[in-house]
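Note sheet for the following structure.
The values are calculated or read from the model by the stated rules, or taken from the named source; none is laboratory data. What you see is a predicted model, and the numbers here were worked out from it, not measured in a lab. Quick reminder, even Gly has a Cβ in these numbers, built from the backbone with ideal geometry, and neighbours come from all protein chains shown.
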Amino acid sequence: MHLTSPVKRCGKSRLLDVIHATCYRPLIAVNISPAVLVRSIGTDPPTLLLDEIDTVFGRKASENHEDLRGILNAGHQRNRPYIRCVGVGTAQCVEEFPSFTMAALAGIGSLPDTIEDRSVIIRLRRRAPGEKVAPFRIKTDVPALNALGGRLGAGVRSNAGMLGDAQPQMPVEDRAADCWEALVAEFPALDGRSPLGFLAAIGVQQILTDTAAKPFRLCFSQTTAAAVLHSHLASLDEVAAALAQVATTAGEGCAIAGADPRFPLPAGTGADPMRRPRERYRELTDEIRRIDPHTASHWLPNLLTDLAVDQQGRAGLTPFNAPSGKQNLRTFFAKPLGEVRANPSQIRQALAGWRRVEGFTGEYLDHHVINSAADDPRGRTGAESGVPGATWLATMALPQLRVTGDGQNVAATLWHHTGRRHLMIWPLWRQPLHPPAVQALIEHPRLTPPDPRPTIQRQDWQALGIIGVYGAERQHIPGRNFAGVLAPIPVTATG
């Protein structure tokens with residue numbers, strides 16, 4: 001691990017203190033010779049913590065520490081011994097010293113390329129004037145960190161067999177995969193090639209980012225297209241538990257976890273109060289702002305817009321919502337949340353393996369919700385069976401999916417008008433991205449199809465890290481008066 005910052009006083013040494021208090025057998029130093037290092041490793045290696053590493057590998061000093069660089073490079077994996085002749089006088093013998101050990105190196109600037117290539121890099125910055133943090137107190141904080149380290153160690157020992165056998169699909173290869181394997185959680189059920197799988201993956205990142213002050217980066221496996229999350233949550237079960245905590249602790253009567261319980265406005269027995277004529281849309285925004293300013297800015301602009309109008313003269317609705325019958329904006333969110341609150345295990349199923357629930361519409365984000373007679377165990381036609389956990393995750397992705405318009409027609413993130421077709425087009429990418437980078441990529445103009453087939457130019461895919469582009473559109477259901485279910489369509493890549 002490389003802890004780096006551009007200037008001093010960014011918290012590198014303090015982070016080393018925290019690691020020192022929680023890791024296994026810490027060996028901390030500001031400088032160490034190759035001879036001392038290899039004799040300190042042995043068969044039960046410590047965790048090496050080197051501070052001020054820029055004084056060792058800085059431009060003026062690096063040529064004098066090639067032996068140390070070689071040991072650190074070799075120590076990235078087992079069975080790379082450091083071999084020397086040892087003894088007194090003529091009584092010499094060849095001795096092998098193990099080099100494998102965990103290491104955290106802290107300093108200003110970069111390390112030699114060969115070390116950085118083997119590192120998980122943590123970039124720190126100086127705290128801004130308005131940012132406040134609690135002070136670190138050795139007397140009170142170190143004992144608590146020691147206790148945490150003990151619990152972590154006990155957890156690793158009790159699950160050593162499972163952890164040792166785990167083989168997650170990695171979004172990176174070779175040495176980078178070795179570095180990141182322990183920090184990656186892959187969700188095999190969230191196949192990015194399906195609209196519901198992709199939206200649910202965006203929802204996972206959005207929920208965790210909104211509820212935790214820690215980075216969550218998302219990408220997709222180049223071999224399976226499954227969603228992969230890079231974070232401090234190191235397993236699918238940890239991610240599922242964190243998501244279930246959000247769902248089950250939502251306030252009573254909430255339709256959206258984390259939002260005011262009064263939003264979206266309940267419909268009662270009449271028309272949906274969220275669907276107002278365009279000329280009255282400002283009344284709605286003022287009403288929601290009085291209820292909760294955060295909800296008004298975080299959710300409302302991604303659901304409705306007065307820059308578009310539907311056939312009934314109402315403000316434009318996000319194309320991700322296709323209400324049927326008595327469905328409305330509140331039920332779009334409340335039904336999936338209610339299902340996972342009642343059965344939190346459905347969240348883990350959403351990540352690991354989908355199980356369909358009869359009678360659940362899936363908010364029509366998945367064409368498989370409508371069964372044919374061949375699909376249905378009892379040969380019924382039109383029976384609905386959705387995936388509550390994946391649907392809830394998908395509805396929580398909407399803060400990432402902006403809705404706007406051209407004065408008449410709705411325009412939304414991922415959606416494109418080509419001829420008479422309204423298509424959803426999305427990319428999968430290999431590099432782990434934070435939410436702002438995800439939003440920038442999925443809104444990139446290179447993903448706009450020039451024709452209704454649809455066709456996408458491959459130009460710039462490599463530079464953007466794109467590994468594939470997929471599509472969907474609403475599929476009409478005979479005899480039903482609504483936009484239809486979201487069904488995959490082929491996308492042709494050219495160039």
TODO: Please specify each residue of segment 416-445 satisfying the condition of being part of a loop (DSSP other than H, G, I, E, B) and touching a Ser or Thr at 6+ places or on another chain (Cβ under 9 Å).
DONE: R430, H434, E443
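Residue-wise test of (1) touching a Phe, Trp or Tyr at 6+ places or on another chain (Cβ under 8 Å); (2) without any contact (Cβ under 8 Å) to a residue 24 or more places away in the chain; (3) surrounded by fewer than 20 Cβ atoms within 10 Å (Cβ to Cβ).
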{"residue": "A257", "(1), (2), (3)": "no, no, no"}
{"residue": "P266", "(1), (2), (3)": "no, no, yes"}
{"residue": "R282", "(1), (2), (3)": "no, no, yes"}
{"residue": "E287", "(1), (2), (3)": "no, yes, yes"}
{"residue": "S297", "(1), (2), (3)": "no, yes, yes"}
{"residue": "R314", "(1), (2), (3)": "no, no, no"}
{"residue": "F320", "(1), (2), (3)": "no, no, no"}
{"residue": "P336", "(1), (2), (3)": "yes, no, no"}
Task: Enumeration of residues in segment 411-461 that are under 27 Å from T209 (Cβ atoms), polar (S, T, N, Q) and in contact with an Asp or Glu (Cβ under 9 Å, 6 or more places away or on another chain) - done: T413
Open item on the list: I'd like the residue in segment 389-426 that is in contact with a Lys or Arg (Cβ under 8 Å, 6 or more places away or on another chain) and not polar (S, T, N, Q) and, out of all such residues, is nearest to A472 (Cα to Cα).
Closed with: H422
TODO: Go through V469, V438, V485 for me and flag whichever is among the β-branched types (V, I, T) and over 15 Å from G192 (Cα atoms).
DONE: V485
TODO: Please determine, by comparing only the residues of segment 137-174 that are β-branched (V, I, T) and farther than 18 Å from L15 by Cα, which one is modelled with the highest pLDDT.
DONE: V156
- [ ] Kindly indicate whether any position in segment 451-458 is in contact with a Gly (Cβ under 8 Å, 6 or more places away or on another chain), surrounded by 15 or more Cβ atoms within 10 Å (Cβ to Cβ), β-branched (V, I, T) and assigned by TED's automatic domain parsing to the domain that holds M396.
- [x] no
Open item on the list: Here is a check on your reading of the model: is A242 at pLDDT 90 or above and either small (G, A, S) or crowded, with 19+ Cβ neighbours inside 10 Å (or both)?
Closed with: yes
TODO: Run T90 past the list (1) surrounded by fewer than 13 Cβ atoms within 10 Å (Cβ to Cβ); (2) in contact with a Leu (Cβ under 9 Å, 6 or more places away or on another chain); (3) of a type in the set (S, T, N, Q) and report the number of the one that doesn't hold.
DONE: (2)
- [ ] Go through (1) in contact with a His (Cβ under 8 Å, 6 or more places away or on another chain); (2) without any contact (Cβ under 8 Å) to a residue 40 or more places away in the chain; (3) surrounded by fewer than 17 Cβ atoms within 10 Å (Cβ to Cβ) and name the single condition E116 misses.
- [x] (2)
Open item on the list: Scan segment 303-319 and tell me whether some residue there is modelled with pLDDT of 95 or more, within 22 Å of the chain's Cα centre (by Cα), part of a loop (DSSP other than H, G, I, E, B) and more than 30 Å from I121 (Cα to Cα).
Closed with: no
Open item on the list: When you scan segment 28-44, do you find a residue that is in a loop (DSSP other than H, G, I, E, B), at pLDDT 90 or above, touching a Lys or Arg at 6+ places or on another chain (Cβ under 9 Å) and surrounded by fewer than 19 Cβ atoms within 10 Å (Cβ to Cβ), even just one?
Closed with: no
Task: Within segment 389-423, considering residues that are more than 20 Å from the chain's Cα centre (by Cα) and more than 22 Å from R314 (Cβ to Cβ), the one surrounded by the most Cβ atoms within 10 Å (Cβ to Cβ) - done: L423
Open item on the list: Please go through (1) exposed (fewer than 14 other Cβ atoms within 10 Å of the Cβ); (2) farther than 25 Å from R151 by Cα; (3) among the charged types (D, E, K, R) for D51 and return the number of the only condition it doesn't satisfy.
Closed with: (1)
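If you go through segment 120-131, how many residues are in contact with a Cys (Cβ under 7 Å, 6 or more places away or on another chain) and either modelled with pLDDT under 85 or on the phi > 0 side of the Ramachandran plot (or both)?
Number satisfying all stated conditions: 1.
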- [ ] Might you check whether a residue that is in a loop (DSSP other than H, G, I, E, B), in contact (Cβ under 8 Å) with a residue 60 or more places away in the chain and within 27 Å of H298 (Cβ to Cβ) occurs anywhere in segment 448-460?
- [x] no
- [ ] Could you tell me which numbered condition G251 fails, if it satisfies all but one of (1) more than 29 Å from V438 (Cβ to Cβ); (2) without any contact (Cβ under 8 Å) to a residue 12 or more places away in the chain?
- [x] (1)
Open item on the list: Against the definition (of a type in the set (V, I, T) and free of Cβ contacts under 8 Å to residues at least 40 places away in the same chain), how does I477 come out, yes or no?
Closed with: no
Open item on the list: Conditions first: (1) farther than 24 Å from R314 by Cα; (2) buried (at least 16 other Cβ atoms within 10 Å of the Cβ). G253 passes all but one, so which condition is the exception?
Closed with: (2)
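For segment 14-27, how many residues are within 17 Å of I53 (Cα to Cα) and crowded, with 16+ Cβ neighbours inside 10 Å?
Residues in segment 14-27 being within 17 Å of I53 (Cα to Cα) and crowded, with 16+ Cβ neighbours inside 10 Å: 7 in total.
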